[in-house]
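Undergrad: Pasting a structure below so you can have a look.
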Amino acid sequence: MLNKYPLWKTLMVLFIVAFGALYALPNLYPEDPAVQVSGLRGVEANAATLDSVKSELTADNISFSSIVLENGQLLVRFSDTEQQLRARDLLEESLGDKFSVALNLTPATPAWLASVGGTPMKLGLDLSGGVSFLMEVNMSEAIVKAQDALVDDFRTDLRGEKIRYRSVKKANNSINVQFRNAEDLTAAHDFLKKRYRDFLMSENADNLTLSAKMTDQKLKEVREYALQQNITIIRNRVNELGVSEPLVQRQGKKHIIIELPGVQDTAKAKEILNATATIEFRLVDTDGDLSAALNGRVPASSKLLYERDGKPVLLKKRVMLTGDHIVDAGSSFDEYSRPQVNISLDSAGGGKMSNGTKSNIGKPMATVFIEYKPTDRKDAEGNTIFEKIEEVISVATIQARLGKTFRITGAGSQSEAHNLALLLRAGALVAPIQIVEERTVGPTLGAENVKLGFQAILMGFGLVFIFMIIYYRAFGVVANLALGANLVLIIGVMSLIPGATLTLPGMAGIVLTVGMAVDANVLIFERIREEMREGKSIQQSIHQGYDAAFSTIIDANITTLIAALILYAIGTGPIKGFAITLSIGIITSMFTAVVGTRTIVNAVWGGKRLDKLSI
Amino acid sequence: MQILQLKETVAFMSYRRGALIFSVILMLASVFSLMTNKLNFGLDFTGGTLIEVGFEKAADLNKIRAVMDSNGYPDAVVQLYGSSRDVVIRLAEREGLNVEMLGNEVLSALQAGTGQNMEMRRIEFVGGSVGDELAEQGGLAMLTALICILVYVAFRFEWRFALGSVFALFHDVLLTLGLFSALKLEFDLTVLAAILAVIGYSLNDTIVVSDRIRENFRKLREGGPADIINISLTQTLSRTFITSITTLLVLAALFFRGGELIHGFATALLFGVFVGTYSSIYVASSVALAFGISKEDLIPEVIDKEGADQEEMTP
């Protein structure tokens, strides 16, 4: 029979709309004020932290609605902001500098919704308020550094192979090695060629030089490494800021985007992002008197430092190795399945380490984490004074003479070893970074934008609703239902996609989609009217109308989708938000306007004998 | 209800010479304006610093300018933004400008200088190199979009239609840019997004018309190309108008209710929808016609059945 949908098709449409509605639902719940406690420098919040926080809050008569431990972070929810602020002050004082305590707004999604993965949409910075930075990694500096390290490596390797050379020098974008005779040149070429496969080597017989150039592949690798490493460092530092839901993301080939929702004090954020941290290895002073040192009589050649848990350690003043020699670090397990940190050094560092450890086998060696933190004090010129903070992160016994690669055990649990590896990698920046873009949105402007955006969406919807009902009567109502379902689907899909954020231009995108989504229905309805004017029966007209308009709708929407996808590819922040809502809107509107309205039309008018149609 | 009750076919194509002259004049005017006035590029493209401050009472711009001047920012551009209490201060990028502390410095200078309470609404700093890169990327995006669309339409329809629709898009983009340059409106990233949306919209319109032209070329046996285009345009005219109306309705909502930040966006789209509607009627079809679109180009090739040319064998 004409214009009847099989039951499964109707059910499928209902199911999809219900599915969208389910995931759009979390957006209706307000947010709870909360306090987020996260560990610093490799510490993680655990069950013990949870208990102590719990008892402290109850002792101070602060009522909280829930407390959960998740991914090494503690989240305490409160019923009002007053309790939240009091709790923040209390916890900040009692937990000390091992944890950061941040204010947070946590979605109050009910448990049953959260258990099926329901979360509200993420708001962009222009709606939530906060600060965003775009940082640029200085890539030419990264390449220079990589070349410097290589000059060292070439020297060590040639010496090890007993090939005599006159000089190893860095030229523009290659490394030139000069030899005394042709035999050495050929020998070196053969040897280096095998060892450094990602270099293009060329001999110059006239002046006995071998020049090595990085392949494009290697150059790309160096850049990629510099970017990835800087992202890791920045992520660590951002975590130290204690901001809830920060975003650190690469953008293109040399940029890093950092979004800190809710942060207004950009000066402090910038200082921390620009701060430096590094690592040093020192021998433990086993001859010195620790208790005397604790009383203030520190030996002249030693220095008193503390471990994270407050245990004092007496260290030799002479630094065995500084962290800028660390090329890579990772965590794994040793043969007794204890967590360990594997460290690779550049060749100069390897030499230093080897010399420093060969006469000290069996003695303990300490890894010291050094950080420069900005203080509130300023010097005469108004520059912030940085405070040097030194902390012993591990003490381990030297088992054998160490070389370019070695490992540290005794760093604690597996996750602590992992974090230590991160910090070691993060210790020295591969390439300097610089802030090239900064945007701060005040909280009132953000709230105002949300209000304006919602007003525009409601008004746009209202106007189109009225127009469609006046113009198409009963069919207008059907189109409006589809439009409503479309909005629900857009919000549901936006909430479901993890990377999608709602921005002010994104809201404009929703408004625009509303205007354009009815186009599909206008096409169909006009076609039905045309068919009816040509004298076809009403059921025939409906059928033909939908059929004939279908390919037009597909073509028209795909071309718009092309424009939206290109916009997504080049856009940043708010513009990406616009492209996302527009793309999602195009796809969902095709579904609601074609399949959705057809379902209703078929259910109401399909298969009946009709003389008139309210269109 | 019915807005257009067209009984007769409107002879759109007989006015195409006039439309052509009209379009050419507007396009030349746009190019002229773009060359003399240039585009008033926003912070996103030029780089620099922008500070938006909300005052409690109506702001005195002259006083603010004087305060900025006496605090070492003689080049600051001070403007109202949306309401009499919102002020935007723009500073060009220059050497020795400490961007790190700029926001706080300006804020405290204004607080001291005007004696009024105020709040920081937004601070934006964009480095010059970022802006250059963005302008390049934006241009590239526009070009990529046009090429992708050209390829798609050529593949789905016919190269003459593809040329027609891309020419119409070019026409729409040029006129919108011309409007922004003539009225000296600020051209920022959201406006760029709006122009890409105009491309999407205008294309939507053009495709609907082209689709009908193709259908009619196949269906109708009588009439030359111009007649068929006229018939198709008349048949789709009512949907063209209705879609324009609904889109203009929502854009009006954005324009009046969306706030200052997306004013430029809404302006570009409002104008773009007008031009896009006009261009899908006149520009796209007349270009296709000028390139000599004919029935044969659109009728699918009949594949000969094997043996169809042989005489039927009689037993």
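The values are calculated or read from the model by the stated rules, or taken from the named source; none is laboratory data. For clarity, every value in this text was computed on a predicted model and none was experimentally measured. All Cβ positions, even for glycine, are placed from backbone atoms using ideal geometry, and neighbour counts span all protein chains on display.
Undergrad: Quick check on segment B:181-199. Is at least one of its residues in a helix (DSSP H, G or I), without any contact (Cβ under 8 Å) to a residue 24 or more places away in the chain and assigned by TED's automatic domain parsing to the domain that holds B:Ser33? Spell out the reasoning first.
TA: If we filter segment B:181-199 for residues that are in a helix (DSSP H, G or I), which is where we start, we get B:181-182, B:189-199.
Going one step further and asking which of them are without any contact (Cβ under 8 Å) to a residue 24 or more places away in the chain, we end up with none.
Taking every residue of segment B:181-199 in turn, none turns out to be in a helix (DSSP H, G or I), without any contact (Cβ under 8 Å) to a residue 24 or more places away in the chain and assigned by TED's automatic domain parsing to the domain that holds B:Ser33.
Undergrad: Pull up segment A:454-510, narrow it to residues that are away from every other protein chain (no Cβ under 11 Å) and among the polar types (S, T, N, Q), then point me to the one that is surrounded by the fewest Cβ atoms within 10 Å (Cβ to Cβ).
TA: Going residue by residue through segment A:454-510, those that are away from every other protein chain (no Cβ under 11 Å) are A:474-475, A:477-478, A:480-482, A:484-502.
Subset that is among the polar types (S, T, N, Q): A:480, A:486, A:495, A:501.
On the way: A:Asn480: 21, A:Asn486: 26, A:Ser495: 23, A:Thr501: 24.
Among those that are away from every other protein chain (no Cβ under 11 Å) and among the polar types (S, T, N, Q), it is A:Asn480.
Undergrad: Please enumerate the residues belonging to segment A:511-560 that are under 21 Å from A:Ile584 (Cα atoms), more than 8 Å from every other protein chain (Cβ to nearest Cβ) and not small (Gly, Ala, Ser). Working first, answer last.
TA: Initial filter on segment A:511-560 (under 21 Å from A:Ile584 (Cα atoms)): A:511-523, A:550-560.
Next, only the ones that are more than 8 Å from every other protein chain (Cβ to nearest Cβ) stay: A:513, A:517, A:520-521, A:550, A:553-554.
The answer is A:Thr513, A:Asn521, A:Phe550, A:Ile553, A:Ile554.
Undergrad: B:Ser279 is checked against (1) at pLDDT 90 or above; (2) surrounded by fewer than 19 Cβ atoms within 10 Å (Cβ to Cβ); (3) over 15 Å from B:Ala194 (Cβ atoms) and fails just one. What number does that condition carry?
TA: Checking B:Ser279 against (1) at pLDDT 90 or above; (2) surrounded by fewer than 19 Cβ atoms within 10 Å (Cβ to Cβ); (3) over 15 Å from B:Ala194 (Cβ atoms), the one that fails is (2).
Undergrad: Shifting gears a bit: Tell me which of these B:Ser23 doesn't satisfy, since it passes every other one: (1) touching a Phe, Trp or Tyr at 6+ places or on another chain (Cβ under 8 Å); (2) crowded, with 17+ Cβ neighbours inside 10 Å; (3) not assigned by TED's automatic domain parsing to the domain that holds B:Leu174.
TA: (3)
Undergrad: Does any residue of segment B:68-77 turn out to be aliphatic (A, V, I, L, M), within 23 Å of A:Arg439 (Cα to Cα), in the same structural domain as B:Arg121 (by TED's automatic domain parsing) and free of Cβ contacts under 8 Å to residues at least 24 places away in the same chain? Even if it seems obvious, please write down each step before you answer.
TA: We begin by selecting, within segment B:68-77, every residue aliphatic (A, V, I, L, M); these are B:68, B:76-77.
Narrowing the set further to residues that are within 23 Å of A:Arg439 (Cα to Cα) leaves B:68, B:76-77.
Checking which are in the same structural domain as B:Arg121 (by TED's automatic domain parsing) leaves us with B:68, B:76-77.
Okay, now just the ones that are also free of Cβ contacts under 8 Å to residues at least 24 places away in the same chain, so B:76-77.
Within segment B:68-77, one or more residues are aliphatic (A, V, I, L, M), within 23 Å of A:Arg439 (Cα to Cα), in the same structural domain as B:Arg121 (by TED's automatic domain parsing) and free of Cβ contacts under 8 Å to residues at least 24 places away in the same chain.
Undergrad: Also, quick follow-up: May I ask you to verify whether B:Ala266 is at the interface with chain A (Cβ under 8 Å from one of its Cβ atoms) and in contact (Cβ under 8 Å) with a residue 40 or more places away in the chain? So that I can check it myself, show each step before the final result.
TA: Values: at the interface with chain A (Cβ under 8 Å from one of its Cβ atoms): yes; in contact (Cβ under 8 Å) with a residue 40 or more places away in the chain: yes.
Judged against the criteria, B:Ala266 is a match.
Undergrad: Please verify whether segment A:506-518 includes one or more residues that are touching a helix residue (DSSP H, G or I) at 6+ places or on another chain (Cβ under 8 Å), assigned to a helix (DSSP H, G or I), free of Cβ contacts under 8 Å to residues at least 24 places away in the same chain and not charged (D, E, K, R).
TA: Quick first cut of segment A:506-518, residues touching a helix residue (DSSP H, G or I) at 6+ places or on another chain (Cβ under 8 Å) only: A:506-518.
Retained after the next criterion (residues that are assigned to a helix (DSSP H, G or I)): A:506-518.
With the extra rule that they be free of Cβ contacts under 8 Å to residues at least 24 places away in the same chain, the set shrinks to none.
The answer is no, given that none of the residues of segment A:506-518 is touching a helix residue (DSSP H, G or I) at 6+ places or on another chain (Cβ under 8 Å), assigned to a helix (DSSP H, G or I), free of Cβ contacts under 8 Å to residues at least 24 places away in the same chain and not charged (D, E, K, R).
Undergrad: Same structure again: Scan (1) crowded, with 24+ Cβ neighbours inside 10 Å; (2) touching a Ser or Thr at 6+ places or on another chain (Cβ under 8 Å); (3) more than 10 Å from chain A (Cβ to nearest Cβ) for the single condition B:Tyr201 breaks and write down its number.
TA: (3) is the only condition that B:Tyr201 fails.
Undergrad: Moving on to the next point. For A:Ile575, are the conditions met, namely being within 16 Å of A:Gly20 (Cβ to Cβ), in contact (Cβ under 8 Å) with a residue 12 or more places away in the chain, in the same structural domain as A:Asn449 (by TED's automatic domain parsing) and assigned to a helix (DSSP H, G or I)?
TA: Details: within 16 Å of A:Gly20 (Cβ to Cβ): no; in contact (Cβ under 8 Å) with a residue 12 or more places away in the chain: yes; in the same structural domain as A:Asn449 (by TED's automatic domain parsing): yes; assigned to a helix (DSSP H, G or I): yes.
So A:Ile575 fails the test.
Undergrad: Something else: Name the one entry in B:Arg156, B:Arg121 that is at pLDDT 80 or above, basic (Lys, Arg) and surrounded by fewer than 19 Cβ atoms within 10 Å (Cβ to Cβ).
TA: Details: B:Arg121 fails: surrounded by fewer than 19 Cβ atoms within 10 Å (Cβ to Cβ).
B:Arg156 is the lone residue from the list that is at pLDDT 80 or above, basic (Lys, Arg) and surrounded by fewer than 19 Cβ atoms within 10 Å (Cβ to Cβ).
Undergrad: Moving on. Quick one: which of A:Lys358, A:Lys388 is farther than 26 Å from A:Ile233 by Cα and either in contact with a Lys or Arg (Cβ under 8 Å, 6 or more places away or on another chain) or at pLDDT below 80 (or both)?
TA: Numbers: A:Lys388 fails: farther than 26 Å from A:Ile233 by Cα.
Matching residue, one of A:Lys358, A:Lys388: A:Lys358.
Undergrad: Follow-up. Might you let me know whether segment B:103-111 holds any residue that is assigned by TED's automatic domain parsing to the domain that holds B:His171 and among the β-branched types (Val, Ile, Thr)?
TA: The initial filter retains those residues of segment B:103-111 that are assigned by TED's automatic domain parsing to the domain that holds B:His171, namely none.
Among the residues of segment B:103-111, not one is assigned by TED's automatic domain parsing to the domain that holds B:His171 and among the β-branched types (Val, Ile, Thr), which makes the answer no.
Undergrad: Could you say which residue among B:Leu179, B:Leu220, B:Leu150 is of a type in the set (A, V, I, L, M, F, W, C), within 17 Å of B:Leu39 (Cβ to Cβ) and surrounded by fewer than 23 Cβ atoms within 10 Å (Cβ to Cβ)?
TA: Details: B:Leu220 fails: within 17 Å of B:Leu39 (Cβ to Cβ); B:Leu150 fails: within 17 Å of B:Leu39 (Cβ to Cβ).
Among B:Leu179, B:Leu220, B:Leu150, only B:Leu179 is of a type in the set (A, V, I, L, M, F, W, C), within 17 Å of B:Leu39 (Cβ to Cβ) and surrounded by fewer than 23 Cβ atoms within 10 Å (Cβ to Cβ).
Undergrad: Related question: Mind checking which residues of segment A:125-165 are of a type outside the set (Asp, Glu), closer than 15 Å to A:Val327 by Cβ and out of contact with any strand residue (DSSP E or B) (no Cβ under 9 Å at 6 or more places or on another chain)?
TA: A:Ala142, A:Lys145, A:Thr156
Undergrad: On to the next question. Output the qualifying pairs, or none if there are none: Cβ atoms under 8 angstrom, residues six or more apart or on different chains, first residue in segment A:545-557 and over 9 Å from A:Leu523 (Cβ atoms), second residue modelled with pLDDT under 90 and among the β-branched types (Val, Ile, Thr).
TA: Final answer for the pair search is A:Asp555/B:Ile207.
Undergrad: Which of the helices (runs of 4 or more DSSP H) found entirely inside segment B:34-150 contain at least 2 residues meeting this: within 14 Å of chain A (Cβ to nearest Cβ) and under 26 Å from B:Ile195 (Cα atoms)? I'd like the intermediate steps shown before the answer.
TA: Working: elements: B:43-46, B:61-70, B:99-114.
Filter on segment B:34-150 gives B:43-46.
Undergrad: Would you point out the residue of segment A:426-466, among those that are touching a Ser or Thr at 6+ places or on another chain (Cβ under 6 Å) and assigned to a helix (DSSP H, G or I), that is modelled with the highest pLDDT?
TA: Narrowing segment A:426-466 to residues touching a Ser or Thr at 6+ places or on another chain (Cβ under 6 Å): A:426-428, A:439-440, A:446, A:464.
With the extra rule that they be assigned to a helix (DSSP H, G or I), the set shrinks to A:426-427, A:446, A:464.
Values: A:Ala426: 58, A:Gly427: 55, A:Gly446: 86, A:Val464: 93.
Residue satisfying both the conditions and the ranking: A:Val464.
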